[in-house]
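Note sheet for the following structure.
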Amino acid sequence: MQKSSSLGTEKISRLLLQQAVPAAIGFMVMSINMVVDTYFVGQYIDNLAIGAISIVMPISFLISSFGMAVGIGGASIISRALGAKDNDRAQRAFNNQITLTTIGSSLFILLGFIFKIPILSLFGAQGELMEYSDIYFTLILFGMPFLSGAMMANSNLRAEGKARFPMVIMIILSVSNIVLDYILVAKLNWGMEGAAWATTLSYVFGGGTLAVYYLSGKAELKIMPKYFRLERNIVFEIASIGMVSMVRQGSIAVLTIILNHSLFYYGVAKGIGGEMAVSIYGIVNRIAMFAFFALIGIAQGMMPIVGYNFGAKQFDRVRHVVRISVIWGFVIAGFIAALLLSFSDRIPAIFNDDPLLLEHTPTAIFWVFLATPLLILQLVGATYYQAIGKGLPALLLTLTKQGFFLIPIVLILSNYYGLEGIWYSFPIADILSAAVCYYFLVKGLRKLA
């Protein structure tokens, strides 16, 4: 079994492949799962179901992102602790994460049940979309603790240098969701209830598998109840680093609120209907999750390498992995963007055959993915600062696209160009955020002693 010490000794390109490829495959399978999920509800229910899922999924990801935030913050501590040969601190950080994830995810889920209708309304569930959204959201809340736990544990496995097992978990989660979608939606005709139960049960399978793995004692990090008691310094460091991921998901949630309301308003103004405009973005968003899997994999793969070598004060290796990550990401993203732009007129038919959806979705795909290669600079920039334990720079770089640029540009351009103005905003935000992230990434690397 691979030990964490290999992060400081093996060739960087080989290490990045070992870490990034499983992470990318895991996210790819998860993304395929989202696309297939959208396919089933679009083909066997209707286009309103696509819109409902596009409303609910950002809410569910926001809730479960607490586990991801805790995991990323804790994994940064663990990578640096293992690099500095401080195993005790690594164990304490891991077990503190278990406590934090359990408390935090439970609280968020409780609030989700109590304020369900206001939350759905806030995220744009209007008209006929409300009934579909209510059904879906209510049922998947039951799976949120398992998804939060899986997100937390996966980050820690990568911190140990074990990238393959998180990939396996993603595959288990995604394949089970696809199979259950086929059974419950396509064969049994359970509608939105079937789609929701398929998603919920897949979260249970993924989280349950991870729990069994850790309880078996095979991981370097052990479940040790004596370390469940929260330690102020560890919690503070987890929060300062992991909050970046929480804020990132929060900014995506705010963006979703603004987009869904704007899409509804300008969709009506354009004459295609508000529900249809929301459904168009639902398809684009699913494509984005699939298109970006390699970039997310590279960012996730470089994080434990940067953290370990920063802790071991091997700064040349830190610079090397950052440089390779940017180059690989740019090339891969350029290829993906070229494919999407070339086939933008054919992709919508995969999900639904509504004439309005087929007519207007290609325009959205073209503009949203026009500057995709530049996204790697934002991902690598924010990930680098997270990995070395610098929470504030990581937070600010994380907010560049959604928070600082995309939200205000959407509000401005939609006022002048309507629905098309929303789509124009995406490449402009990509270019501006890439420029800012590149500047601060170069500046940070130059400061390494």
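The values are calculated or read from the model by the stated rules, or taken from the named source; none is laboratory data. The structure presented is a predicted model; accordingly, all values stated were derived computationally and were not measured. As a convention, Cβ positions derive from the backbone with ideal geometry for all residues, glycine included, and neighbour counts pool all protein chains shown.
Of the candidates L48, L7, L15, the single residue that is modelled with pLDDT of 80 or more, touching a Phe, Trp or Tyr at 6+ places or on another chain (Cβ under 7 Å) and part of a helix (DSSP H, G or I) is L48.
Residues that are closer than 17 Å to V368 by Cα and assigned to a helix (DSSP H, G or I): does region 298-321 have at least one? Looking through region 298-321, none of the residues is closer than 17 Å to V368 by Cα and assigned to a helix (DSSP H, G or I).
If the condition is being under 27 Å from A84 (Cβ atoms) and surrounded by fewer than 24 Cβ atoms within 10 Å (Cβ to Cβ), then region 289-314 contributes F310, A312, K313, Q314. Free of Cβ contacts under 8 Å to residues at least 40 places away in the same chain and outside any helix (DSSP H, G or I) - does that describe any residue in region 266-273? Among the residues of region 266-273, at least one is free of Cβ contacts under 8 Å to residues at least 40 places away in the same chain and outside any helix (DSSP H, G or I), which makes the answer yes.
On inspection, S31 passes the criterion of being of a type in the set (G, A, S), part of a helix (DSSP H, G or I), touching a Lys or Arg at 6+ places or on another chain (Cβ under 9 Å) and within 21 Å of F293 (Cα to Cα). Residues of region 315-343 that are in contact with a Phe, Trp or Tyr (Cβ under 8 Å, 6 or more places away or on another chain) and surrounded by fewer than 18 Cβ atoms within 10 Å (Cβ to Cβ): L341 alone.
Under 7 Å between Cβ atoms, at least 6 apart or on separate chains: pull out the pairs that start in region 428-445 with a residue that is assigned to a helix (DSSP H, G or I) and end on any residue that is surrounded by fewer than 18 Cβ atoms within 10 Å (Cβ to Cβ). Short answer, once both residue conditions are applied: L445/R319. May I ask you to list the residues in region 362-390 that are surrounded by fewer than 22 Cβ atoms within 10 Å (Cβ to Cβ) and either acidic (D, E) or in a helix (DSSP H, G or I) (or both)? Passing the criteria: P362, T363, F366, W367, P373. Of the residues making up region 221-242, those that are modelled with pLDDT under 90 and part of a loop (DSSP other than H, G, I, E, B) are L221, K222, I223. Screening S105, S121, S76 for residues that are out of contact with any Asp or Glu (no Cβ under 9 Å at 6 or more places or on another chain) and crowded, with 17+ Cβ neighbours inside 10 Å leaves exactly one candidate, S105. Read through the list (1) surrounded by fewer than 16 Cβ atoms within 10 Å (Cβ to Cβ); (2) in contact with a Gly (Cβ under 9 Å, 6 or more places away or on another chain); (3) closer than 21 Å to L210 by Cα, then give the number of the only condition that A93 fails. Against the list (1) surrounded by fewer than 16 Cβ atoms within 10 Å (Cβ to Cβ); (2) in contact with a Gly (Cβ under 9 Å, 6 or more places away or on another chain); (3) closer than 21 Å to L210 by Cα, A93 comes up short only on (1). Might you let me know whether region 216-232 holds any residue that is closer than 23 Å to L100 by Cα, within 24 Å of the chain's Cα centre (by Cα) and aromatic (F, W, Y)? No, region 216-232 contains no residue that is closer than 23 Å to L100 by Cα, within 24 Å of the chain's Cα centre (by Cα) and aromatic (F, W, Y).
Checked against (1) free of Cβ contacts under 8 Å to residues at least 12 places away in the same chain; (2) under 20 Å from R248 (Cβ atoms); (3) of a type outside the set (F, W, Y), P58 passes all but a single condition, namely (1). Among the residues of region 35-54, none qualifies, meaning not one is closer than 23 Å to I305 by Cα and more than 24 Å from the chain's Cα centre (by Cα). Can you tell which of M246, M276 is at pLDDT below 90, touching a Phe, Trp or Tyr at 6+ places or on another chain (Cβ under 8 Å) and either aliphatic (A, V, I, L, M) or not in a helix (DSSP H, G or I) (or both)? One residue alone meets the criteria, M246.
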